[in-house]
């Protein structure tokens, strides 16, 4: 009897199979007439078309190309290139800058040492004379100067009239300067 009990236990469990009435692990999605009708209708719909362009003048269209252009070329020479106007041998050129309320245009300098903030430091030094410059009148005088020993020297001013020229030259001469070299610029003096 003992061996018979062992056989019942062995064959009676049925092993690791699922019970006969259990659903499969991944049942297929049910298909009904409604599902089939919705799929058929969705595929039968017309595709959206581009709306008709409004009548009127043609609208310009921008296009771009990723094709490579001619390679840029550059050549280096031993001497610095002079800007079209300004200081000969300039190594600092700034089109326009406003520092502490003083606007300077066409700054061109040949300096002994040029760094990242040189233009701001230079114009900041001139801005200490802002009140004196503004008192000279509403003009845009072109100035040229040499900075040496912490001071401005050899000032040349070209303005609309001699009074403005003398006033700006007086304000520039002896002004403190944190850089050394030769510069030219246009002061934008508007009250």
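The values are calculated or read from the model by the stated rules, or taken from the named source; none is laboratory data. Quick caveat, the model's predicted, so the values are computed rather than measured. Cβ: placed from backbone, ideal geometry, glycine included. Neighbour counts: every protein chain shown.
Summary table
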| read-out | value |
| --- | --- |
| Positions within region 87-102 being buried (at least 19 other Cβ atoms within 10 Å of the Cβ) and touching a residue at least 24 places away in the same chain (Cβ under 8 Å), in sequence order | 87, 92, 102 |
| Check on residue 105, touching a strand residue (DSSP E or B) at 6+ places or on another chain (Cβ under 9 Å), buried (at least 20 other Cβ atoms within 10 Å of the Cβ) and either part of a strand (DSSP E or B) or at positive phi (or both) | no |
| Number of the condition not met by residue 128 [criteria: (1) closer than 22 Å to residue 86 by Cβ; (2) within 32 Å of the chain's Cα centre (by Cα)] | (1) |
| Selection within region 165-189 - within 30 Å of the chain's Cα centre (by Cα) and farther than 12 Å from residue 125 by Cα | 183, 184, 185, 186, 187, 188, 189 |
| Filtered residue count, region 151-175, keeping only those that are modelled with pLDDT of 90 or more and touching a strand residue (DSSP E or B) at 6+ places or on another chain (Cβ under 7 Å) | 15 |
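Matching residues to (1) in a strand (DSSP E or B); (2) surrounded by 14 or more Cβ atoms within 10 Å (Cβ to Cβ); (3) without any contact (Cβ under 8 Å) to a residue 12 or more places away in the chain:
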| residue | (1), (2), (3) |
| --- | --- |
| 133 | no, yes, no |
| 147 | yes, yes, no |
| 156 | yes, no, no |
| 160 | no, no, no |
| 164 | no, yes, no |
| 168 | no, yes, no |
| 171 | no, yes, no |
| 178 | no, no, no |
| 183 | yes, yes, no |
